[in-house]
Amino acid sequence: MSVDHATVRKIASLARIAVTDDQVEAMVPELNNILGWIEQLGEVDTSAVQPMTAVIPNVLRLRDDVVTDGDVRDAVLKNAPQAEQGFFTVPKVIE
């Protein structure tokens, strides 16, 4: 696949980027080089490579899921401007 002047102009139009004729001239070979690199990457055999999410092994440091501070609803609602039946009361937004 190769990129020509019309393709660059169409991409610029879709991206809503104003480009001059000189910029289009400069972008054509650059985009063709990028597409060439992508084609080279497609030729690499990755069948023996395991999928990964990062280049270094990440191990999550987990902590015990223990409730350390609870049963403070009354203290929290004390700061609320308005509360009813143990919940925050907010003004109606949608009619």
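The values are calculated or read from the model by the stated rules, or taken from the named source; none is laboratory data. Not measured: the values here are computed from a predicted model. Please note: Cβ atoms are built from the backbone with ideal geometry, for glycine as well, and neighbour counts cover all protein chains shown.
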Quiz item: Arg73 versus (1) under 21 Å from Met1 (Cα atoms); (2) out of contact with any helix residue (DSSP H, G or I) (no Cβ under 8 Å at 6 or more places or on another chain); (3) touching a residue at least 12 places away in the same chain (Cβ under 8 Å): which is the lone unmet condition?
Solution: (1)
Practice problem: Please verify whether the range 35-43 includes one or more residues that are modelled with pLDDT of 85 or more, farther than 30 Å from Ser13 by Cβ and not basic (Lys, Arg). | Solution: yes
Self-check item: Among (1) more than 28 Å from the chain's Cα centre (by Cα); (2) modelled with pLDDT under 85 - the single one Thr53 does not satisfy
Solution: (1)
Self-check item: Cross-chain or 6+ apart pairs with Cβ under 7 Å, the range 28-48 first and hydrophobic (A, V, I, L, M, F, W, C), then part of a helix (DSSP H, G or I)
Solution: Val28/His5; Val28/Val8; Leu31/Val8
